[in-house]
Every structure is written in structure tokens, then in C-alpha cells.
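Notes follow the structure.
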Amino acid sequence: MLKKWLGACAVAALFVLSACGGGGGGGGGAEDNGGDGGFTLSTGEVVFTAATSTTYVPSQRVSMSNIGKLVAYVVVSNTSGGPIPEWLSVTPYMAQSYASVGVDASKITKAGTYETIVRVATQDASKKQLFHRDVKVTLTVQKVPKVSWNIYDGSLHPAVTDAVTLANGSKSWFTLLTAVNVSEGYSYQNYFTPQGNGTVELNSSAVPANRSGAQYNGVINNTGVYPKTFTVLARVLPVAGVTYNAGSEIRLLDIDLAMSDAGVIGSRMEATLVADAQVVGIRVNNVDTVLDSDAMATVDLSLPHIYQIAVTLTSAHTGTIKVYVDGATEPAINVSTSNLQLVGTAGDNYLRIGDFRDKVYRSYIDWVIWTEKAAYTAADLQGQLPTGIGVTTGY
Ligand SMILES: [Ca+2]
């Protein structure tokens, strides 16, 4: 495995840093295998600990000192001469008399303690080894997240380039809906406004009849293989000064998930955070088309909350929807039916957030994350949310 070349001189070698002094230097130089030597390190052991495999771990310095023989190169390998592990990087700066030792915990796929012995060797200008010293490097990763999330962290408008970071690390973004519905008297507008603090405001009070939606297509497998699963979480905040009670007829956000297979009328999970005469909290609209029933849970909408919706489909129209609030172990909504709401158009397969009704929506969206890997419980996700997206209290 070829590691990056870090020298100041153009020498094609592995793990080499050149001091690039005056060249030459005397020949001789017996290799030092550990006795008194002209080359020493300040420590024989470096220890790192990471809470999770997504935790950044600062690099550490090991001082190097050299007396006597002119060092042209410093070579880093493991003790058998091979490459060092992928999770480890050692960058020698001979001219500055230290080596930087860094670890990348994201390379670790299973929690545990990993150690390796790194050999730091000096060479003369002809690449003849002069001395070497060994240093043990230990990395402990306490937890490896089970989930690779698709992330909208609310720092950009949802439809701006690179607003979304996908589970594979690449960037993407939502599509802003723009349709005009003349017969029903509404159009889709842009009512999303980034606040510059990691949240985006949704405010459709100007024209309540209008709508505003951001859509991400192709969120769940559409090959007809069941069961299929989906988990979406969103942190949503109220707006100060706005009243959210049974008389308010005001909403915060719709989360609309269409889960069709290709060319098929599949199922839809349409949740709304709403304060009206029916409920102040979260409502999954028309969750059973035969019973014509909604599923609801009371939530104090005057406070920020994290809403987690987990869906398992065992066939195109049969499944279970669970809603968790703030990471509570017990779901606030838990409904199973073989008559889930249907999508509007065959093949619909998307996640939408926004205002999809002729109502006023007032909220701030902190973040939205989703995955089709599993229908997670809130307990499953303790310690499994991404870092750096905003507040994740409860997880
Ligand atoms: Ca509206």
C-alpha cells in the first residue's frame, strides 16, 4: 500500500521524509538495533482513544533527536518492514525534530483496541539505514456507529448545491417544488430561509394557501424486495411568539415519505407537526385508508423536539409506522396496517419536507437525517446520531 510521500526532496520511497541537508554524509554507519544510538524518540508508546469511529482524534507529536550521522531520510514502516495500518499516519519532520502521529478512527469498523508497532528508521543519502527506533501506537475506539446517515444539517437552504451529505459521503441537495395548481388555487413557493445558525426557517404565513416543499427522490429501494425499511429524524423548533394550541390552526412541518417500487402505486407515510382541534403534536395522516383513520400523539409544540419516524413495509401496502419523540424508549405512535395511505403517482419514491397544506407553517428546522438501512427504535439510535448537525439531546 503506497502512502503519501511527504518529503521536501523528490525521492520516490514509502514513508520518507527528507531532511535534505547537504547530501553526502559518510558511508559506514552500523545499524542501531536499540542500544546507544544517535537517533532517539521521546517516547516508545503513543495512545489514542476515540469515543466513536466518527470522533476526531487530535494527532500527537513524538520528538525525534539525532546526534552524529547525517540523516537524509526518515522511513516509517511496521516492524516487519511493511506498511502501517490504514487507521494510522506517521509523518516525520526531521528538520523540525518531531514526527506527527495521527489516527483516523473512521477506518475502524468494529469497536476495540488496535495496536501496532511502528519502526522509525533513519537513512543516509544513499538510503542506507543508520538507526531505528520502535514506537507502539494504540488506538481504542469505544463505539462504531451502526448507521451511515443521509444528512441535511440545516445550515444551507435545502435546495442549494451540496446542502445534503449522503451516507456515502458525497454531496447532494433537495429539489425545490415549483408546481402551480390552478384548480386548487395554490402554488409552490420558496418559504425556506436559512438563519445562518444551522437552522432554516419555514414560514408560509404570507399566503397560507400556498405550499413550500423540498423533495429528495429515490430514498428507498424500489425493486419489489420486502421487507423494506426507513428511518427519518428531524429536529424542529417552534418560533418565539407563535402560539401552538388547539385553536391555533398552525403547523410546523410536514414529513412526507413515498415508498413505491418502480412503476407501482406504493405506500406513503405523511406526518405533520400540527396544532389544531384534532391534536397538538404529531399526526400521521390517513394512516389506514380502510378505517380512514389518523394516528396521533400529543407533543408540547412550544418546545423544540426530535421526531423519529421508523417504517417497516412487509409488502407494498402493509407495514408498521412508529414515531418516537426526543429519543424516548416507547414510541408515541405505533400503528400496523395493511391499508397504508397510497402515493399519488405510481413510482413515487421520495422524502419531502415542508408545507403541503393550505395552512400556515411556522418553524425552524435544525436538521433532518434519514436512512433505509433499518427501521430503528429510539433505543437503537442512542449514540448513533451524527455529530455536528445541531442539537441531538435525547440520543
Ligand atoms: Ca400552506
Flagged in the stretch 181-206 as surrounded by fewer than 14 Cβ atoms within 10 Å (Cβ to Cβ), within 13 Å of the ligand (Cβ to nearest atom) and hydrophobic (A, V, I, L, M, F, W, C), in numbering order, are 206
Would you point out which residue out of 162, 124 is of a type in the set (Asp, Glu), in the same structural domain as residue 233 (by TED's automatic domain parsing) and out of contact with any His (no Cβ under 7 Å at 6 or more places or on another chain)? 162
Looking at (1) modelled with pLDDT under 95; (2) crowded, with 17+ Cβ neighbours inside 10 Å, which is the only condition residue 371 fails? (1)
From 247, 218, 266, residue being among the small types (Gly, Ala, Ser) and closer than 24 Å to residue 157 by Cα: 218
Specify which of the listed residues (240, 209, 159, 246) is over 23 Å from residue 378 (Cβ atoms), free of Cβ contacts under 8 Å to residues at least 24 places away in the same chain and outside any strand (DSSP E or B). 240
Selection within the stretch 106-146 - aliphatic (A, V, I, L, M) and either touching a Phe, Trp or Tyr at 6+ places or on another chain (Cβ under 9 Å) or more than 27 Å from residue 74 (Cα to Cα) (or both): 108, 111, 120, 121, 125, 130, 137, 139, 141, 144
Test set (1) away from the ligand (no atom under 16 Å from the Cβ); (2) assigned to a loop (DSSP other than H, G, I, E, B); (3) at pLDDT 95 or above; (4) polar (S, T, N, Q) - residue 178 fails condition number: (1)
Is it fair to say residue 257 is among the hydrophobic types (A, V, I, L, M, F, W, C), in the same structural domain as residue 201 (by TED's automatic domain parsing) and not in a strand (DSSP E or B)? no
Suppose we filter 212, 187, 172, 155 for residues that are modelled with pLDDT of 95 or more and closer than 12 Å to residue 361 by Cβ; which single one remains? 212
Wholly inside the stretch 327-391, strands (runs of 3 or more DSSP E) that include 1 or more residues that are over 27 Å from the mean Cα position of the chain (by Cα) and within 16 Å of the ligand (Cβ to nearest atom) are 360-371
Can you tell me which condition residue 331 does not meet? The list is (1) under 21 Å from residue 288 (Cβ atoms); (2) surrounded by 23 or more Cβ atoms within 10 Å (Cβ to Cβ), and all the others hold. (2)
Pairing a residue in the stretch 51-72 that is at positive phi with any residue that is surrounded by 15 or more Cβ atoms within 10 Å (Cβ to Cβ), where Cβ atoms lie under 8 Å and the two sit 6 or more apart in sequence or on different chains, gives 68/38
Restrict the check to the stretch 303-312 and report whether at least one residue is within 16 Å of the ligand (Cβ to nearest atom), under 21 Å from residue 249 (Cα atoms), in a strand (DSSP E or B) and within 18 Å of the chain's Cα centre (by Cα). no
Please find, within the stretch 229-256, the residue that is surrounded by the most Cβ atoms within 10 Å (Cβ to Cβ) out of those that are within 15 Å of residue 267 (Cβ to Cβ) and in contact with an Asp or Glu (Cβ under 7 Å, 6 or more places away or on another chain). 230
Check 268, 211 and return the single one that is more than 16 Å from the ligand (Cβ to nearest atom) and basic (Lys, Arg). 268
Counted residues, the stretch 278-302 - those being under 25 Å from residue 364 (Cβ atoms) and assigned to a loop (DSSP other than H, G, I, E, B): 6
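The values are calculated or read from the model by the stated rules, or taken from the named source; none is laboratory data. Since the model is a prediction, treat every value here as computed from it, not as a measurement. Quick reminder, even Gly has a Cβ in these numbers, built from the backbone with ideal geometry, and neighbours come from all protein chains shown.
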